[in-house]
1. Can you give me the % of accessible surface on the chain that is carbon or sulfur? Probe 1.4 Å, all protein chains present, nothing else counted.
2. Could you calculate the FRET efficiency of residue 129 with residue 40 from 1/(1 + (r/R0)^6), where r is the beta carbon distance between them and R0 is 51 Å, rounded to 0.05?
3. What is the extension gain from residue 171 to residue 323, computed as 0.36 nm multiplied by their sequence separation minus the C-alpha to C-alpha distance, in nm to one decimal?
4. Quick one: which residues, 5 or more positions from residue 210 or on another chain, have an amide H under 5 Å from its amide H? H modelled 1.01 Å from N in the peptide plane, none for Pro or chain starts.
5. In segment 210-235, which residues have a backbone nitrogen under 16 Å from the label point lying 7 Å from residue 184's Cα in the Cα-to-Cβ direction?
6. List the extent of the Cα atoms of segment 102-196 along each of their three principal axes, largest first, rounded to whole Å.
7. In whole Å, what is the distance between the alpha-carbon centres of segment 198-219 and segment 277-328?
8. I want to make sure I understand the PRE zone here: with the label point 7 angstrom from the Cα of residue 296 toward its beta carbon, which residues in segment 9-32 have backbone N atoms less than 14 Å away?
Amino acid sequence: MTASNALQRIAILVTAPIRSGVTEALEAIFTVHRLWEQDDPDAFFATHGAQIRGIATTTLFGKVRADLIERLPALEIIASFGVGYDNVDVAAAAKAGAVVTNTPGVLVDETADLAMGLLLATIRQIPQAERHLRAGLWPRERFRLSPSLRGRRVGILGLGAIGKAIARRLEGFGVEIAYHGRTRQEGVEYPWYPDARALAQACDVLIIAAPGTAETEKLVDAPVLEALGRDGILVNIGRGSIVDEDALEAALAHGTILAAGLDVFAHEPQVPEGLLAHPRSVLLPHVGSGSERTHAAMGALQVENLVRWFTDRVPPTPVPETAHLVPG
Ligand code: 8YV
């Protein structure tokens, strides 16, 4: 049997539509089952569950929880589209002996670019200024003066690959940079603060670039927002779960902070009313990595993880919690 024939016989479950033609690419290689098209999931699992050896999933709509993993006794790998993998119950996967892979690296610059755009849009009120022009108000009334990035100190919460790419861009903007992460990083010159509150206290812009984990859940809460201060700007391109959204709504409403630029929300695609209503909020529908070019690269890496696992057992990007399941 040729390698491609062998792959064709392997059953992969795709949990939700994945953009950039990933499902179609997988269909050309494997036997693919589209979970979201199953009218009777129980009947589907009874017929096919025991044959499924891989899952392809995606961050926003494709949650892979323990109850799904438990229904797939032959499962070997869960390949997720996206660098964050809070959509997958990694502990349950590891317990079942299934490798989890994500798509890091290829989206770093794209996401950092978007963070800069969101920062500038929020601080200089670019969407609001454009709405003013489009509403025909310019001939009658000049748009209000905006706050400024000049002279600010920017704190980065989560100095991983994306946080560092944001920092490199910020250097070009001539602002001071500081960071908080679990540990102070060797060879990083920016000042490190031991917790989110201390970082917010020392800065007047806070950019969240951390992953969504149990440890980071609601890390940015009322005291952190208070520490950021009345002139403070919050930008979040990490995960919505990191921000206590009730506290953020209150902080914006009461002027505890000045403005927020958010690409991610706690319960996507729902966006709290108080954030939608605030005149100084800039809100995006989770588009950080969302260019055609970068999603194509993410999709290709997701497919490669599956193909490599079933050909030589060396998927390029296993997540650290399951890296021990990769032989060699
Ligand atoms: C999404 C993301 O994967 O990579 C991540 O962790 O959150 C994004 O890049 C992408 O928007 C698809 O939902």
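The values are calculated or read from the model by the stated rules, or taken from the named source; none is laboratory data. All figures in this text were calculated on a predicted structure; none of them were measured in a lab. A quick note on method: Cβ atoms are made from the backbone with ideal geometry, for glycine too, and the neighbour counts reach across all protein chains shown. Note: areas computed on protein heavy atoms with side chains; ligands, DNA, RNA excluded. Shrake-Rupley method; radii C 1.70, N 1.55, O 1.52, S 1.80 Å.
1. On the chain, the fraction of accessible area on carbon and sulfur atoms equals 53 percent.
2. Computed FRET efficiency for residue 129 and residue 40: 0.50.
3. Gain in length upon complete extension: 51.3 nm.
4. Close amide H contacts, sequence-distant or interchain: 238, 239.
5. none
6. Extents along the principal axes, in whole Å: 55, 32, 23.
7. So the separation of the two Cα centres works out to 23 Å.
8. Residues 20-22 fall inside that zone.
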